[in-house]
There are 4 protein chains.
Amino acid sequence: MTTTPIPTPAATPPDILRCAYMDLVVTDLAASREFYVDILGLVVTEESDTEIYLRSFEEFIHHNLVLRQGPVAAVSAFAFRVRAPLDVDLAEAYYRELGCRTERRANGFVKGIGDSVRVEDPLGFPYEFFYDTRHVERLAWRYDLQGPGALVRLDHFNQVTPDVGLGRGYLEDLGFRVTEDIQDEDGVTYAAWLRRKDTVHDTALTGGNGPRMHHIAFSTHEKHNIIYICDKLGALRKSDLIERGPGRHGVSNAFYLYLRDPDGHRVEIYTQDYYTGDPDNPVVTWDVHDNQRRDWWGNPVVPSWYTDASLVLDLDGNPQPVIERTQSSELAVTVGADGFSYTRKGEDMPEYKLGHQL
Amino acid sequence: MTTTPIPTPAATPPDILRCAYMDLVVTDLAASREFYVDILGLVVTEESDTEIYLRSFEEFIHHNLVLRQGPVAAVSAFAFRVRAPLDVDLAEAYYRELGCRTERRANGFVKGIGDSVRVEDPLGFPYEFFYDTRHVERLAWRYDLQGPGALVRLDHFNQVTPDVGLGRGYLEDLGFRVTEDIQDEDGVTYAAWLRRKDTVHDTALTGGNGPRMHHIAFSTHEKHNIIYICDKLGALRKSDLIERGPGRHGVSNAFYLYLRDPDGHRVEIYTQDYYTGDPDNPVVTWDVHDNQRRDWWGNPVVPSWYTDASLVLDLDGNPQPVIERTQSSELAVTVGADGFSYTRKGEDMPEYKLGHQL
Amino acid sequence: MTTTPIPTPAATPPDILRCAYMDLVVTDLAASREFYVDILGLVVTEESDTEIYLRSFEEFIHHNLVLRQGPVAAVSAFAFRVRAPLDVDLAEAYYRELGCRTERRANGFVKGIGDSVRVEDPLGFPYEFFYDTRHVERLAWRYDLQGPGALVRLDHFNQVTPDVGLGRGYLEDLGFRVTEDIQDEDGVTYAAWLRRKDTVHDTALTGGNGPRMHHIAFSTHEKHNIIYICDKLGALRKSDLIERGPGRHGVSNAFYLYLRDPDGHRVEIYTQDYYTGDPDNPVVTWDVHDNQRRDWWGNPVVPSWYTDASLVLDLDGNPQPVIERTQSSELAVTVGADGFSYTRKGEDMPEYKLGHQL
Amino acid sequence: MTTTPIPTPAATPPDILRCAYMDLVVTDLAASREFYVDILGLVVTEESDTEIYLRSFEEFIHHNLVLRQGPVAAVSAFAFRVRAPLDVDLAEAYYRELGCRTERRANGFVKGIGDSVRVEDPLGFPYEFFYDTRHVERLAWRYDLQGPGALVRLDHFNQVTPDVGLGRGYLEDLGFRVTEDIQDEDGVTYAAWLRRKDTVHDTALTGGNGPRMHHIAFSTHEKHNIIYICDKLGALRKSDLIERGPGRHGVSNAFYLYLRDPDGHRVEIYTQDYYTGDPDNPVVTWDVHDNQRRDWWGNPVVPSWYTDASLVLDLDGNPQPVIERTQSSELAVTVGADGFSYTRKGEDMPEYKLGHQL
């Protein structure tokens, strides 16, 4: 991990298609299964006593999430699919030039995925790149199986890193494009959203102590699907799993909900951002003091959303040390001096500064 | 059954609260269970080898539908709940004065219902009136049990009768109030909607050969719930069960879908009509030639919707003879002279005659 | 106003149909017009320099809300429609027997309403009863006029009163029926919901310093209509008008949003409670410590929602004095001892006590 | 235009991003403006007496539709945006190698678009390729401007051509990828869907007499937005503009509605297909006899949907001659021998042949 500038490799970066799956260590597989399968309704592709492979209803690759029993709740890999088998080679060479540790496995690190490379990236995150995967049934038409809160796609990852500007440059070199960010008047970047597929992001960088995983996000078709998930959690007397929302994001314009799984891993349910696939797609910069940036309705962000995140593992399966963010924190910047931990509506708010382009 | 004027009894009519349940004979209980429970998701209150008691998610009385194995697909009773036990006595006396056959059972005709009276009404329909019922859990908050097409209320019945004007007068005497109707320029009434509770109807009269049951209607909360039912039927490769819709009614302004159960009994799924509880609630009269009356979007009504209906039984369980409608039929009036069985958009249509009050 | 038991009159109470309109004093009519007409989209029936008459899209009586320019933001009348002209006489006699001040006007207190009586009720609220009203076009079918957040009905009022038990007894005598309430283990009532029409309430009593008006509530058809209102407020950079929500109520099971108008009058947008019209409709009692009672998703209630409310006027137009609630307050009971003004998820929460019947 | 095999050029095809706009000739600009602006709510970027430039709410390029007053209702251009300025050169060279007529304009053919090339493609369609465009405000966050049926994106074109197999090969050479198609047991292709962006299509080929334009499609966020458009047309007494739907497509799994503009140009409103961006995205082949392929609910396709389409223009502005399809027609194949022009539910239907992969 580095906090010094990350050089731009001479190597050609791999052609990344999209975020594809997360390899997630959980400490109580049965409890996690209840959360992801019984409550959220993700589809089980296959499972054993120690692993569960899950996918969303419109997915045709083997899985979007691996739950793996382990001693420490953490992320084993943020996995991206690349356009062709050759791109796995490109990824391996790219990170080797960066001086990163890499590991290549012809038969994959997990079931359903073939030739892959995992790396400890310059920010300390375990990234995986693969092309080869087993196809499974796309359940898009299987309305008989889809519940009222059906998760239809993996949408994005979100990573916590101390220096967003640094991380952003590295990901842009890797081929990602920034769609939106949050800055202050001094040019400090608090968060950035980066995409490969034609949505607002495949991953985002959130400024904070890192490397840590902020959340993984699945999409629904409509807003009522997300509301249903809240209603169901209420019915199950598990509303404490709702951390934040539902609400409308300013950034991304999507409708959202944040949940916490039994290990505290954060899961976003997300719907309806916009097309970003043109190379000159306008970047939207939000002022960190704009209280509609995180919630378009001005509802406060709970402090835990800023402070809590999951550990990430190195290639040996050990947690990466967490480096403190030294730049100003969004939580500190956007709450009052009284230490009151919510941004309250109508109080302590600077004049609105419309950071976006409207 | 009579086609001569029905006298207004001197007796006080019972104070009817609402349509409450239908007692329905089906010829293959397992097939009906698949339709009403597995596909539509109605809640089973109790069941045996010969009967299934079903309710909607917001109901607290014992059931809204009884499926009863029998030799002929037909309706045994259209059951209405009255305000107080005494109203059962009033109902019995009222129909006796009308000269109708009545049968009183202190322990009810079906499980979960106490003291009741069933009558063969002047139009030939088997009506039941009861107050006493067993309370069951109202599952309104049980989102964990509610599927994406959850049926939350019984909304109304719809009955086919040869002379709508005659039947309407009888039901108005009984305490119903007309909210909307369809007429032509000669004053012939093709259909009328009548209510006790504060919605557009508890029952409707559709002009045609009768007495027959046109449909029973359940409500969902939102339109997407109805769309989901169609999507699920498609996924199950049972889309042939969709007879008409989904669409927006002109009459009632509700969003609708018509299905046919395994015996051909018609079931409507319905949502979002309007409040009608004021005594001077404006009656909306539609012109039979207005092609938006039955579908606000002008989509054609399939002929079977006009011609098909279910038999009704007398108190001995024998089908009531069906009397032909002698007034002009809505099907004949609203389709072209070429015998083409759909009303086609933009063809053979008179100038719009806005029958309603807009 | 009294805090001693309110006697049950020997007089027959009027047969109340429903809450019908609120007569509301605002201090800046232009600002209020922007809020209620430009933002919320209520329909203007008629208006002058000093008054605006507004209705919802499915209404056929003259108005559901009168905005009246005045010196002090307050409620002039909570108006209920009765079943027949004679019920106005009954209302007058009923309140006279209670010793309340009454005023009868054959031509009404406001435009569009005829013979009416206004009273200063035993709790200090200005209640009006009327039958006679001018019919206007019911715009239910006018989708060309309805925006994405269309308010289709007036749903209910909500009143703040120091002693909910006392007020509830008075309203039950008047003919209202309790559908839900919030109590604690000592039998203190914190709030009660009372209905005449077939929904969860026409008015509610919220325990607090009173008499004051807590809110007036309008209905939409679907949840997305409410979400749109939030989205629009964000777009107008008026998200500070959102006080609480959107969310799902535990009580009533409705989806909700609370706004504050330019004078601070609270407006709820509400959709999808359940049918309550049977006389034995089950009453749902919630435990005040159940953190899903006010928000089914356990999201905290902002303190202002408990503390702020609007003044009400006597028949001379002077604000009624506000009497302090001496029973324990819901705000105090449900927040931590640290004075932290939000109930935080997962902290300081007793074990869930399921007060409702599930 | 050719019906003989279209050679694969040696030239590198342009890197097409997406369908971008249609240049459409209308015969009554005021009537078209009412349809596209007043009814459908598309955003006017700029307009003159002879041209109107329209865009969807999430668009940032100058327009998605040009309405141009002219003598014959027809399509002047199907315009695609390419990744870079150089791709316009590539497009020009590519079509020149194909022997197609091309016209290059450095300042564009329409306002808001710069350097472009238009071609008469091998199928007879006027295709345009451009990169340079004027950016305009993306109105994604402007909920204050978005109506209940807001069109948020241009989704796709649909073209009628006699030989779908031939056309598909040509478009695959150009870089499009097939996502779904309809075939029969003899291998005849009735329609094919082809994409560049990550959705089911940027354009589709429908078998029939051509070259003609079948429709242009705009997206909404949710299904209720589409239902609203129907409701509004009903309110305006313009329901005859609804040609087909709303419904759920089998192909694409999207929710749809087809309208006809004042010239008969067909417009689809569309929402919620699935991600297709992976190179091995599974192709779904539907059996032409599967009555859920065009409507997942089995509702009949109106004959006009198969037979009617708009003329397309050559680069001189003259209508291209229409060549008859000689392969079997989907209309003929899927309706009964009695000439009955609707596919009726449950009649004349072969056993379902599930052409798709479920």
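When you check B:Asn253 against the structure, is it within 11 Å of chain D (Cβ to nearest Cβ) and closer than 16 Å to B:Asp198 by Cα, yes or no?
So B:Asn253 fits the description; yes.
How about region A:228-260: which of its residues are assigned to a loop (DSSP other than H, G, I, E, B) and either touching a His at 6+ places or on another chain (Cβ under 8 Å) or within 26 Å of C:Ser239 (Cα to Cα) (or both)?
Once the filter is applied, which keeps residues that are assigned to a loop (DSSP other than H, G, I, E, B) and either touching a His at 6+ places or on another chain (Cβ under 8 Å) or within 26 Å of C:Ser239 (Cα to Cα) (or both), region A:228-260 yields A:His249, A:Gly250, A:Ala254.
Kindly establish whether B:His214 is more than 13 Å from chain D (Cβ to nearest Cβ) and either at negative phi or not hydrophobic (A, V, I, L, M, F, W, C) (or both).
yes
Out of (1) under 19 Å from C:Trp193 (Cα atoms); (2) in contact with a Pro (Cβ under 9 Å, 6 or more places away or on another chain), what's the single condition that is false for C:Asp163?
Answer for C:Asp163: the failing condition is (2).
Residue-by-condition table, conditions (1) at positive phi; (2) touching a residue at least 40 places away in the same chain (Cβ under 8 Å):
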site: D:Val75; (1), (2): no, yes
site: D:Tyr94; (1), (2): no, yes
site: D:Gly99; (1), (2): yes, no
site: D:Gly112; (1), (2): yes, yes
site: D:Arg142; (1), (2): no, yes
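Within region A:61-75, is even one residue modelled with pLDDT of 95 or more, assigned to a strand (DSSP E or B) and surrounded by fewer than 16 Cβ atoms within 10 Å (Cβ to Cβ)?
No, every residue in region A:61-75 fails to be modelled with pLDDT of 95 or more, assigned to a strand (DSSP E or B) and surrounded by fewer than 16 Cβ atoms within 10 Å (Cβ to Cβ).
Which residue, of B:Gly210, B:Gly169, B:Gly165, is free of Cβ contacts under 8 Å to residues at least 40 places away in the same chain and either out of contact with any Asp or Glu (no Cβ under 9 Å at 6 or more places or on another chain) or more than 30 Å from C:Ser219 (Cβ to Cβ) (or both)?
Just one listed residue meets the conditions, B:Gly165.
For region D:4-41: of the residues being among the small types (Gly, Ala, Ser) and out of contact with any strand residue (DSSP E or B) (no Cβ under 8 Å at 6 or more places or on another chain), which is surrounded by the most Cβ atoms within 10 Å (Cβ to Cβ)?
D:Gly41
If only one of C:Pro5, C:Pro14 is more than 21 Å from the chain's Cα centre (by Cα) and either in contact (Cβ under 8 Å) with a residue 60 or more places away in the chain or closer than 21 Å to C:Asp202 by Cα (or both), which one is it?
C:Pro5
Would you check if A:Tyr275 is in contact with a Phe, Trp or Tyr (Cβ under 9 Å, 6 or more places away or on another chain) and either in a strand (DSSP E or B) or within 26 Å of D:Ile61 (Cβ to Cβ) (or both)?
Judged against the criteria, A:Tyr275 is not a match.
Within the group D:Glu58, D:Glu46, D:Glu103, which residue is modelled with pLDDT of 95 or more, assigned to a strand (DSSP E or B), under 24 Å from D:Ser219 (Cβ atoms) and out of contact with any Asp or Glu (no Cβ under 7 Å at 6 or more places or on another chain)?
None of the other options fit; the residue is D:Glu46.
In the list C:Val117, C:Val136, C:Val160, C:Val152, which residue meets the criterion of being within 17 Å of C:Ala11 (Cα to Cα) and in contact (Cβ under 8 Å) with a residue 24 or more places away in the chain?
The match here is C:Val117.
Listed residues D:Tyr258, D:Tyr306; which is more than 14 Å from chain B (Cβ to nearest Cβ), in contact with an Asp or Glu (Cβ under 8 Å, 6 or more places away or on another chain) and of a type in the set (Phe, Trp, Tyr)?
Step by step, each of D:Tyr258, D:Tyr306 is checked, and only D:Tyr306 is more than 14 Å from chain B (Cβ to nearest Cβ), in contact with an Asp or Glu (Cβ under 8 Å, 6 or more places away or on another chain) and of a type in the set (Phe, Trp, Tyr).
One line per residue, one yes/no per condition, for (1) away from chain D (no Cβ under 12 Å); (2) touching a Gly at 6+ places or on another chain (Cβ under 8 Å):
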{"position": "B:Thr199", "(1), (2)": "yes, no"}
{"position": "B:Asp202", "(1), (2)": "yes, no"}
{"position": "B:His224", "(1), (2)": "no, no"}
{"position": "B:Ser239", "(1), (2)": "no, yes"}
{"position": "B:Gln272", "(1), (2)": "no, no"}
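Is it the case that B:Glu185 is farther than 15 Å from B:Pro122 by Cα, in a loop (DSSP other than H, G, I, E, B) and either within 16 Å of the chain's Cα centre (by Cα) or not small (Gly, Ala, Ser) (or both)?
Criteria met by B:Glu185.
Taking the condition of being more than 19 Å from D:Arg212 (Cα to Cα), in contact with a helix residue (DSSP H, G or I) (Cβ under 6 Å, 6 or more places away or on another chain) and outside any loop (DSSP other than H, G, I, E, B), how many residues in region D:144-172 meet it?
Number satisfying all stated conditions: 0.
Enumerate the pairs (first residue in region C:234-247 and among the polar types (S, T, N, Q); second residue anywhere and surrounded by fewer than 23 Cβ atoms within 10 Å (Cβ to Cβ)) with beta-carbon separation below 8 Å, excluding pairs fewer than 6 apart on the same chain, so at least 6 apart or on different chains.
That search, which allows pairs on different chains as well, returns C:Ser239/A:Lys345.
Could you check region A:124-165 and list, in sequence order, the residues that are among the charged types (D, E, K, R) and closer than 30 Å to A:Glu330 by Cα?
A:Glu128, A:Arg153, A:Asp155, A:Asp163
The values are calculated or read from the model by the stated rules, or taken from the named source; none is laboratory data. Not measured: the values here are computed from a predicted model. When we count neighbours, we look across all protein chains shown, and the Cβ atoms used for this are built from the backbone with ideal geometry, even at glycine.
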